[in-house]
Amino acid sequence: MGFISDSLNRIQPSATIAISNKAMQLKAEGRDVIGLAAGEPDFDTPRNIKDAAIRAIEAGKTKYTPVDGIAELKTAICSKFKRENGLDYKPSQVTVGSGGKQVLFNALMATVNPGDEVIVPAPYWVSYPDIVMLAGGKPVFVDGLPENGFKLQAQDLARAITPRTKWLILNSPSNPSGAAYTRAELKALTDVLLQQPHVWVLSDDMYEHLVYDNFEFTTPAQVEPKLYERTLTMNGVSKSYCMTGWRIGYGAGPEQLIKAMAKLQSQSTSNPSSIAQWAAVEALNGPQDFIAANNKVFKQRRDLVVAMLNQAHGLSCPTPEGAFYVYPSCEGCIGKTAPSGNPIRNDEDFVTELLAAEGVAAVHGAAFGMSPFFRISYATATEVLEDACRRIQRFCGNLR
């Protein structure tokens, strides 16, 4: 009988965190490394949000709070959903966790029984299938093919649903591909779900505000109000508000689900940081103009990276609608030999040899469930991205 639990042995450490840690380790050893693995904006948290946190500290708001969020933050979240998504929620339908990942974790752990199936469109964020498996469920992968913009198609969703299906996880804009669903594309999916009343929707909207080229963001419960009673709409302040380290995520859905998630959180972490919660109140209620300014920079970086990667031998990089990732194909590099003499047999070999030869850290596509691709985050300084892309071009040009 082993000491480590069987449930923990079903999962793997986060690939994105592992590669980011590897890059930091190499930097500490003196290597010239550019880390493009972490999904973290390089912009600082806006001044008004930091000031709100300071005021909270000085006012002594440093005690325990209600398990799943202070009333002021839940009210701000309700206002946000109404203002931006046309969704009406009461504070009793809102939960706040220590980051979006905890909200997702709580939802799945509170609802998934052994053998339950959760549909996870690929490519997917690395944590989705592992959390499903930790809960004892079975992730059912459905490919969003490159020719369809990496997006799940209605007919493929319909084929994947079985009597054991409990959830569909949708992430738009997507990590890792940056793909975002139009209203019409979401409507095609929600039409399928209307015929399957046992399937719930977990909509991960973390990158909601990070869309480009006049793309109009919509979320499933907004597109199809009949799904409101079986949808958990999840979001957070990490990406759009440049608050990754503050660890505040939130979700809204039916009270029965929200109460179950709070019950779980009461026996795990209890409340998120009181100070971070007050900062999140200001983030949601305060000025929003910096988001558009940041997006202008992100779009410029996206266009730069897409153009430079498409100039690299063997790479093909589509232009994503949102988030701050690109997901290029390295199919043209498979079967070649790296400068080290090692063969490039798959996308994991590609990113491993790229790091060794040029000091650029990226994440292999297999970690997101789709090969032969790799993910690059362009949420870093433009001059750093230019340097990284030149290194990638050089690496690809040196393959034989």
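The values are calculated or read from the model by the stated rules, or taken from the named source; none is laboratory data. Keep in mind that what you see is a predicted model, and the values were worked out from it rather than measured. Positions of Cβ are backbone-derived with ideal geometry, glycine not excepted, and every protein chain shown enters the neighbour counts. Just so you know, the surface numbers come from the protein's heavy atoms only, side chains and all, with ligands and any DNA or RNA stripped out. Shrake-Rupley method; radii C 1.70, N 1.55, O 1.52, S 1.80 Å.
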statement: Expected single match for touching a helix residue (DSSP H, G or I) at 6+ places or on another chain (Cβ under 8 Å), surrounded by fewer than 18 Cβ atoms within 10 Å (Cβ to Cβ) and either modelled with pLDDT of 95 or more or within 22 Å of Gly286 (Cα to Cα) (or both) among Lys74, Lys90, Lys82 is Lys90
message: Please count how many residues of segment 188-208 are open to solvent by 30 Å² or more (accessible area, probe 1.4 Å), in contact with a strand residue (DSSP E or B) (Cβ under 9 Å, 6 or more places away or on another chain) and farther than 20 Å from Ser127 by Cβ.
response: 2
- line: With the first residue restricted to segment 136-148 and required to be among the aromatic types (Phe, Trp, Tyr), and the second required to be surrounded by 18 or more Cβ atoms within 10 Å (Cβ to Cβ), Cβ contacts under 8 Å at 6 or more apart or on different chains are Phe141/Val120; Phe141/Pro121; Phe141/Ala122; Phe141/Tyr124; Phe141/Pro129; Phe141/Gly369
statement: In segment 362-391, anything buried (at least 19 other Cβ atoms within 10 Å of the Cβ) and out of contact with any strand residue (DSSP E or B) (no Cβ under 6 Å at 6 or more places or on another chain) is listed as Ala367, Phe368, Ser371, Pro372, Tyr378, Ala379, Thr380, Leu385, Cys389
message: Considering only residues that are among the hydroxyl-bearing types (Ser, Thr, Tyr) and under 21 Å from Lys101 (Cβ atoms), which ones fall in segment 168-199?
response: Ser172, Ser174, Ser177
Residue that is small (Gly, Ala, Ser), in contact (Cβ under 8 Å) with a residue 60 or more places away in the chain, farther than 30 Å from Tyr325 by Cα and open to solvent by less than 40 Å² (accessible area, probe 1.4 Å), where the choices are Ala56, Ala37: Ala56
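From the residues in segment 172-187 that are free of Cβ contacts under 8 Å to residues at least 60 places away in the same chain and open to solvent by less than 40 Å² (accessible area, probe 1.4 Å), which one is nearest to the chain's Cα centre (by Cα)?
Looking at residues that are free of Cβ contacts under 8 Å to residues at least 60 places away in the same chain and open to solvent by less than 40 Å² (accessible area, probe 1.4 Å), I get Tyr181.
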task: Hey, can you tell me all the residues within segment 64-73 that are in a loop (DSSP other than H, G, I, E, B) and of a type outside the set (Val, Ile, Thr)?
output: Tyr64, Pro66, Asp68, Gly69
Contacts under 6 angstrom Cβ, first residue in segment 224-239 being without any contact (Cβ under 8 Å) to a residue 40 or more places away in the chain and open to solvent by 10 Å² or more (accessible area, probe 1.4 Å), partner assigned to a helix (DSSP H, G or I) and not aliphatic (A, V, I, L, M), 6 or more apart: Glu224/Thr190
message: Restricting to segment 202-255, give me the number of residues that are more than 16 Å from the chain's Cα centre (by Cα) and either among the small types (Gly, Ala, Ser) or farther than 27 Å from Arg47 by Cβ (or both).
response: 21
statement: Log entry, pairs with first residue in segment 356-371 being in contact (Cβ under 8 Å) with a residue 24 or more places away in the chain and within 12 Å of Ser329 (Cα to Cα), second being assigned to a strand (DSSP E or B) and of a type in the set (Asp, Glu), beta carbons closer than 8 Å, six or more apart or on different chains, reads Met370/Asp143
Identity of the residue in segment 245-272, in a helix (DSSP H, G or I) and among the aliphatic types (A, V, I, L, M), that ends up most open to solvent (accessible area, probe 1.4 Å): Leu264
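Based on this model, can you work out whether Phe43 counts as in contact with a Cys (Cβ under 6 Å, 6 or more places away or on another chain), farther than 26 Å from Gln222 by Cα, open to solvent by 20 Å² or more (accessible area, probe 1.4 Å) and assigned to a loop (DSSP other than H, G, I, E, B)?
Criteria met by Phe43.
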task: Only one of these is free of Cβ contacts under 8 Å to residues at least 12 places away in the same chain and not charged (D, E, K, R): Gln300, Gln267. Name it.
output: Gln267
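Yes/no per residue for (1) within 21 Å of the chain's Cα centre (by Cα); (2) more than 27 Å from Ser5 (Cβ to Cβ):
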position: Ala71; (1), (2): no, yes
position: Val103; (1), (2): yes, no
position: Pro114; (1), (2): no, no
position: Tyr124; (1), (2): yes, no
- request: Please verify whether segment 210-229 includes one or more residues that are closer than 23 Å to Ala179 by Cα and in a strand (DSSP E or B).
  value: yes
query: Residues in segment 329-338: is at least one open to solvent by less than 50 Å² (accessible area, probe 1.4 Å) and on the phi > 0 side of the Ramachandran plot?
result: no
task: Sort through Asp88, Asp6 and tell me the only one that's within 29 Å of Ala323 (Cβ to Cβ) and of a type in the set (D, E, K, R).
output: Asp88
- line: Filter segment 339-361 for residues that are open to solvent by 70 Å² or more (accessible area, probe 1.4 Å) and under 18 Å from Ala38 (Cα atoms); the one that is farthest from the chain's Cα centre (by Cα) is Thr352
